[in-house]
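Below: the structure, in structure tokens.
The values are calculated or read from the model by the stated rules, or taken from the named source; none is laboratory data. Just so you know, these numbers come straight off a predicted model, no measurement behind them. When we count neighbours, we look across all protein chains shown, and the Cβ atoms used for this are built from the backbone with ideal geometry, even at glycine. Side chains are part of the model used for accessible areas, which takes the heavy atoms of the whole protein and leaves out ligands, DNA and RNA. Shrake-Rupley method; radii C 1.70, N 1.55, O 1.52, S 1.80 Å.
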Amino acid sequence: MATFQTLPGFREFYPEDFARRNHIFRLWRQTAGAFGFAEYDAPVLEPLELYKAKSGDEIEAQLFSFTDKGGRDVALRPEMTPTVCRLVGAKANALKRPIKWFSIAEFYRYERMQKGRGRCFNQFNADIFGEPGPEAEIELVALLVQCLCAFGLTEQDFYVRLSDRNLWFYYLEALGLDEPRIRGVLGAVDKYEKYGDDAFTGYTEQFGAIDGAIKAKILAFLQIKSLAALERELAAFSGEKLSARLADWKKLLRGLDAMGLTRFVEVDLGVVRGLAYYTGFVFEAFDRKGELRALAGGGRYDDLVQKLGGPALPAVGFAIGDMTFALLLEERGLMPKFVQAPDVYCVIGGEAERLAAFGDIHALRAAGFRVEYPMKELAFGKQFKAAAESGAKLALIYGADELAKGVVKFRDLTERSERDLPRDQVVATVRDFLAGA
RNA sequence: GCGGUCAUAGCUCAGUUGGUUAGAGCACAAGAUUGUGAAUCUUGGGGUCGCGGGUUCGAGUCCCGUUGGCCGCCCCA
């Protein structure tokens, strides 16, 4: 047993693990590129104050934070949003709108481990700045869906729940609640799915028992699962805010429908999401079976760039975590097996032949081919076995007989056929063979 | 922060009411095999039984503590 262990909740990526991670990152990156998002990155270590400013002092308990040698209070980043707000805020006036950015980065949270949650994880983050209308949400929900579909997941595997903090706010306002009570109700709404009526306990303690008629309206609103139901419910209310909001909903859902994404999206006003900085549409992706933690989450946060010292700038964003996502891929059998197979395996007779082979090996590698050979002298039988196991498509055989004739033996490992090949044609022949394969 | 559960080889695990030098399969390595393919056979390396303490003539086994894993609660940006 090793003397030193990894810190709790941290992960090590052996080559097979790293290949899986790369696969995920590669498809996310490719998908974001297709949607016209530009990639960025930023420091892993940030001023502690950046996160306190966004989330309040309590956040420190869940951060890897410490004082550095210069006396600065710092924290390993637990999320990307404050950082990207700073980046965008600092150059907002010079950036072409809309600003569509994404990142794939590692984050740290000082939390207890659970299935799908560790202290160190990766997230894909995508954000759009400078677009106040639901056009930004359309783009991001579409990107979110495609970031999952790119791996072969379908509407059978996951769905996106769509909700709206603004709509709740305007609705509860129309029911005559003041702002503190609205926040109290939203807290209850967020918990309702899990706790039922007990979700209102906190509200009752703070504000007294909620009016029965109002509670009934709230519970009815919470059940709304479609645009049609929403329109019916709001028909009884007048007011510009609510009708403008309804128009946004129509635009959003029509846009998603036109992209063919309706089958992935569900209206579900029960989703409010914990943190209070969201200001409009919010959305979360879940596995259909409901066995895993949320796959992704996001929403609109129009006030945050300004709150963190930048100009007023509307923003929407979401993040996909890699841990739950990888669990889902494994569960659905969508995680490929990765083998790092060379293109060419060289079989080498002895030390003299090895020196001859080295020239070709390096030339092939310089030409971009993946070439392997045994580092130690091995019987031919073993070498052919190794060549077959390596997954290489062809073997080059450097034996004394061949080299005496100025050739190498070129063996197609799939066909099990061989022919002699003049030394000076090795690179060109390998290129032709692999291009045809 | 709280609770449950587990910890023996790289992996999966066995190990009897406490009793000699802790085992198997897989994996890895060597040989059979000095020029041709995932087989077979033989052999080998690899363990302070998570760590520390206690009970005992004797602890992988029983007790206490601790660290870590997994699962759940709180939280979830």
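Structure above, values below:
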read-out: Residue within the stretch A:398-414 that is under 12 Å from residue A:347 (Cβ atoms), exposed (fewer than 13 other Cβ atoms within 10 Å of the Cβ) and either within 15 Å of RNA strand B (Cβ to nearest atom) or of a type in the set (Asp, Glu) (or both) present; value: no
read-out: Any hit, the stretch A:354-374, residues being within 12 Å of RNA strand B (Cβ to nearest atom) and loosely packed, with under 12 Cβ neighbours inside 10 Å; value: no
read-out: The stretch A:270-297 - residue that is aliphatic (A, V, I, L, M) and farther than 12 Å from residue A:160 by Cα and, of those, nearest to RNA strand B (Cβ to nearest atom); value: A:275
read-out: Checklist (1) among the aliphatic types (A, V, I, L, M); (2) part of a loop (DSSP other than H, G, I, E, B); (3) in the same structural domain as residue A:250 (by TED's automatic domain parsing) applied to residue A:282, failing item; value: (2)
read-out: Residue satisfying all of: in the stretch A:69-92; open to solvent by less than 40 Å² (accessible area, probe 1.4 Å) and away from RNA strand B (no atom under 12 Å from the Cβ); nearest to residue A:303 (Cα to Cα) among these; value: A:89
read-out: All positions within the stretch A:198-225 that are touching a helix residue (DSSP H, G or I) at 6+ places or on another chain (Cβ under 9 Å) and of a type in the set (Asp, Glu); value: A:198
read-out: Set A:192, A:203, A:171: member being touching a Leu at 6+ places or on another chain (Cβ under 8 Å) and open to solvent by less than 20 Å² (accessible area, probe 1.4 Å); value: A:171
read-out: Condition met for residue A:313 (open to solvent by less than 50 Å² (accessible area, probe 1.4 Å), in the same structural domain as residue A:116 (by TED's automatic domain parsing) and part of a loop (DSSP other than H, G, I, E, B)); value: yes
read-out: Residue count for the stretch A:308-319, restricted to those that are within 14 Å of RNA strand B (Cβ to nearest atom) and out of contact with any strand residue (DSSP E or B) (no Cβ under 9 Å at 6 or more places or on another chain); value: 1
read-out: Those strands (runs of 3 or more DSSP E) lying entirely in the stretch A:352-437 with at least 1 residues aliphatic (A, V, I, L, M) and closer than 23 Å to residue A:340 by Cβ; value: A:394-398
